[in-house]
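Everything on this sheet refers to the single structure shown next.
The values are calculated or read from the model by the stated rules, or taken from the named source; none is laboratory data. Quick caveat: nothing in here was measured; it's all calculated off a predicted structure. All Cβ positions, glycine included, derive from the backbone under ideal geometry; neighbour counts span all protein chains shown.
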Amino acid sequence: MESETIINRALPKSQKSRADFLTNYLSIMYSIIRLFIVVNLVTLSQQILAQSLRLKGGLNISEMRQEDNEEYYSASSSYKSLMGFNFGATAEFPIKPWFSIESGLLLSSKGFKIDYHFDLLGDSIDLDAKLNPIYLEIPVEAIFRRQFKHVNLIAGLGPFLAIGIDGQIKSVLKVNDEIDTVSDKIRWGSDEANDQFRRLDLGLVFRLGLEVEAFQLNCSYDFGLANVSSSRENDLRVNSRTLSLSIAYKLADFDKIRAKNLVE
């Protein structure tokens, strides 16, 4: 071996036995490491094959909790919930018959709307605004199951990370009989002077659901913990809140497929 030749040339003859020992030791360690990697890859592939894949989609009812040092704005009747959507795929990794870990990638539409009316200097003014950020959301939930005959009761809890990728702000201002409509893309970032929403959101998700064969009916609640407002003026804090209703369908259960293939 080239490495052995190099070592032998570098040492006196009296130390060549040490060089041989070192070469053999490194060769054995290299073989052990390769075996360790292969075993772990096989184990990982078995765990992946034990997962279930689901496609899910549904309805979001969202709002954003807004307050600063002077006022809790969301308590106003002018602030209302906004309808949106959720869609994506999830993968479930069973740990026990009653316990598993589920994660996935979801496209989720959130936000809120404002419906505000006031009179100013004899003019009747109506403002209708919708703020609709769209996120890629990654939940990681601990799932607990309890079977009742042919129905499974599901409860889930865990963190989520959401990344803002798109969104729109649309406002309609009506002054007496004159209407002015403005629509613009959400500006993501942390620049207080130019941006509107910070791109990252994180929080906790709670879920209850029913499972019948390949179908799941879920009701979940996202409790945002991050301040998603780009502005920090007067200690402004904006947190997302989303109630989601969704239906999920199991596309594949690789554990059953693998068992079937072994039987055949």
Would you tally the residues in the stretch 226-255 being at pLDDT 90 or above and touching a Pro at 6+ places or on another chain (Cβ under 9 Å)?
2
Residues that are among the small types (Gly, Ala, Ser) and more than 16 Å from the chain's Cα centre (by Cα), drawn from the stretch 193-208:
Ala193
Counting only residues in the stretch 47-76 that are surrounded by 14 or more Cβ atoms within 10 Å (Cβ to Cβ) and either in a loop (DSSP other than H, G, I, E, B) or of a type in the set (Gly, Ala, Ser) (or both), the one modelled with the lowest pLDDT is identified as Ala50
Six or more apart or on different chains, Cβ atoms under 7 Å: show the pairs whose first residue is in the stretch 178-198 and in contact (Cβ under 8 Å) with a residue 24 or more places away in the chain and whose second is surrounded by 13 or more Cβ atoms within 10 Å (Cβ to Cβ) and aliphatic (A, V, I, L, M).
Ile186/Ile169; Gln196/Ile186; Phe197/Ile186; Phe197/Val228; Arg198/Val228
Please verify whether Asp166 is surrounded by 13 or more Cβ atoms within 10 Å (Cβ to Cβ), in contact with a strand residue (DSSP E or B) (Cβ under 7 Å, 6 or more places away or on another chain) and outside any strand (DSSP E or B), treating the condition exactly as stated.
no
Residues of the stretch 110-129 being part of a strand (DSSP E or B) and either at pLDDT 90 or above or within 20 Å of Tyr221 (Cβ to Cβ) (or both), which ones?
Phe112, Lys113
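Quick one: which residue in Thr43, Thr90 is modelled with pLDDT of 75 or more, of a type in the set (Val, Ile, Thr) and either crowded, with 16+ Cβ neighbours inside 10 Å or farther than 30 Å from Asp128 by Cβ (or both)?
Thr90
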Please count how many residues of the stretch 95-131 are buried (at least 19 other Cβ atoms within 10 Å of the Cβ) and among the hydroxyl-bearing types (Ser, Thr, Tyr).
3
